[in-house]
Every structure is written in structure tokens, then in C-alpha cells.
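Quick notes on the structure that follows.
The values are calculated or read from the model by the stated rules, or taken from the named source; none is laboratory data. Source: prediction; values computed, not measured. All Cβ positions, glycine included, derive from the backbone under ideal geometry; neighbour counts span all protein chains shown.
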């Protein structure tokens, strides 16, 4: 088999810290690849006016496969204020580079597994009678990744043509007396093809890996058209998977039920915003974003990223204290995607063994506040956690 080329995009903050740790584990498990660095993130926005340089897009077009760390995003006014004088007043508008990647390469399928590891002190527990129990959480969220509220079709002070079009809808009457310059509009656009693809991918995954249910988590009782379209496509997909139950939940109720019966849920499917919300909710049950990985998969290109942010305040800690497990599990998802399942299973088993043993724990696993002195109080550094995982590789 030809050696793989992986485009590495460390990005900002702790992305620059955890991505090399994942590569150390990939090397140790015997994954033979060439890694090509690509520029992305805040530094390139403030120096070039573009957080996703075209040279990075070209690398992904060529190699199709990427590991991504994290990026820093800020509101529009803050982003504009950080541009150097020579780049201001040129019409440059900051946009999240990962969102741009998803849309450019049509990375429409986001998969976010949230699985608890026995022995993780951060796992969700609940009271039962006179004691406590720790339910097993094994939920996989399929998030439509390119449309909805993250589609980017929005305006402050909408142009007359936009306002006129919207005012053909009777519900716009309540905004009749609001001046356009005092109005901001963000659209939530779903297309039937994208809804069909995400729900069918969710059912196929459930069937392949033995999940008993697919839950559509939307809000069709209020957002009737868009959520209703997702719901309708799920009902059609369910006809081809008779052995898998189709459940429906509203996003607000789902967030309440997370701590009631999380073990009942298998595969969930949502639009972009609700998928983002519910996946973070489930991640909180398995230890937080330090254990949450994800995939962005299109028809040709795939980008794999942990779901945590860039946490820039930790970037320059020496040694680093951040938990690399989410990034390591992200690398496992990449291996699964390209058929290297024996290596991904060994890596997951090594992570599970370290967590179960409980001797090596990063500061988050010890419920400490993230300060440099946590290492003096028994917390493992980032490299020490990686070393422990490598030592457990079978």
C-alpha cells in the first residue's frame, strides 16, 4: 500500500500542542504516513487577511485527508480591529476557516462519537435509590455540516431586495416598523438532498455498528419547514432499515433528558446548530471536550478534528498541561475512515487502559483549575499522557 499523505493543520492555541501528540501515537502504532503542514487560523487572518489561505485549500484538494487542531474565532468587530492598518478598509470579513472548509469541500457529514471510558472520574453519574450508578454512554451524533444557521446567509441592515422578499411572508408583519438599519437576519436553510444524505448515513452507521435506534433531534413543532423536512426524510430512510427504531426528540427536551437516560440513545441526527449543541451536551457526560472527537466527511475530502476550542491561554505553558486524548481519538477516526481499523482499535484500547488504570491523569481529570502548578500536584503533562498511551499499545 502506498504511503499516505496527511495534511496537518494545527491552527491556533492548543491545536499546535495536541496535534503533534496524536502524530506521536500514530507513529508508535505503526501508521506509515507523510505529514504535510498547512497554514490555517488567526495568525493568517491578522497577517494576510485570510484565515484559510488558498495554498492550504490546494493541499487538501491534492491529498484529500487532514488532521486539524483548533482555531480561534472572534466576533466580526473584534476580528476587524485586529487587522494591521494596511489591511483595513479593504472589505475583508473574517469567517471561520473550518466552516469555510466544510462548505468549500462539501464536508456535509459530521460524525461526533461520545463514548464513556470506564474509570474516567469525569463520567456522568446519577443517584439510584440509596446509591449512585454510572450509565454507559455510547451516542454518536450525525450533524448536517454545511447548511442551516451556519450556512452564512445573513445580513445586518438587509438590502431592500432582501427585505422586500421577506415581507411577502405574513409573519414579517411584526417587524414592519423596525428600520432595516436596526435589523439583523440570519437564515436557516435546509435542502432536501442534504437532509436525505445525513439521515441515510446515520441509519447506515447504526446498522453497521449494531445501534438499535436513530433519533432525529430537531424542533419541528416550531421550526416547521426546516425541521419538518429533516423529519420527513428520516421517516423515508427508516423504511429501508426495519430493524432500527426511529425516535424523535425536540432539542430543548433532549438536553433535559441527557441526564435522565443517556444510555438509551444510540445514533442521533440533527441539523447544523442543533447537532453542535447536542454533541457538546453528550460530550459533557463523558468527561467534557477533552474526550470529544469528530469527523467532517465529504464525497472526496475528509477532515478530522477534536471538538474543543483553541484555549489560547494554555498554548505557551511549558510543559503543556492540556489533555491530548480528544486529538488522539480524532486520529483513530481518521484511521477508521481509511480502513486502518486494527491500528485505531489498538489506540482506543490503549487510551481506555490508561484511563481505567488511573495512574496518569491530566488536570481536567483531576478536577483542577488549569494552571501551570497543577503538575506539582500530581497532574500529568500533555507529553506524559501521550507517553502513557504509547506504553499501553498492544
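Data table
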quantity	calculated
Of residues in region 286-296 being surrounded by fewer than 21 Cβ atoms within 10 Å (Cβ to Cβ) and in contact with a strand residue (DSSP E or B) (Cβ under 9 Å, 6 or more places away or on another chain), the one farthest from residue 310 (Cα to Cα)	295
Residues of region 195-242 satisfying the condition of being part of a loop (DSSP other than H, G, I, E, B), in contact with a strand residue (DSSP E or B) (Cβ under 9 Å, 6 or more places away or on another chain) and surrounded by fewer than 19 Cβ atoms within 10 Å (Cβ to Cβ)	212, 220, 221, 222, 241
From the options 342, 280, 276, residue that is assigned to a helix (DSSP H, G or I) and free of Cβ contacts under 8 Å to residues at least 12 places away in the same chain	342
Residue match in region 154-163 (condition: crowded, with 19+ Cβ neighbours inside 10 Å and over 18 Å from residue 229 (Cα atoms))	no
Pair list, Cβ < 9 Å and 6+ apart or interchain, from region 198-225 residues that are on the phi < 0 side of the Ramachandran plot to residues that are at pLDDT below 95	207/243; 212/243
Selected residue (criterion: nearest to the chain's Cα centre (by Cα)) from residues of region 297-321 that are within 19 Å of residue 280 (Cα to Cα) and in a loop (DSSP other than H, G, I, E, B)	307
Residue that is surrounded by the most Cβ atoms within 10 Å (Cβ to Cβ) [pool: residues in region 367-382 that are over 24 Å from the mean Cα position of the chain (by Cα) and part of a helix (DSSP H, G or I)]	374
Subset tally (residues that are under 15 Å from residue 31 (Cβ atoms) and part of a helix (DSSP H, G or I)) for region 322-339	11
Test: residue in region 265-282 that is modelled with pLDDT of 95 or more and more than 18 Å from the chain's Cα centre (by Cα)	yes
The lone exception for residue 342 - which of (1) closer than 23 Å to residue 6 by Cα; (2) in contact with a helix residue (DSSP H, G or I) (Cβ under 6 Å, 6 or more places away or on another chain) it fails	(2)
Residues (in contact (Cβ under 8 Å) with a residue 24 or more places away in the chain, outside any helix (DSSP H, G or I) and farther than 26 Å from residue 108 by Cβ) located in region 149-183	156, 157, 158, 183
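Quick grid of which residues meet (1) at pLDDT below 95; (2) over 30 Å from residue 259 (Cα atoms); (3) buried (at least 18 other Cβ atoms within 10 Å of the Cβ):
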| position | (1), (2), (3) |
| --- | --- |
| 78 | yes, yes, no |
| 86 | yes, yes, no |
| 89 | yes, yes, no |
| 107 | no, yes, yes |
| 110 | no, no, yes |
| 121 | no, no, no |
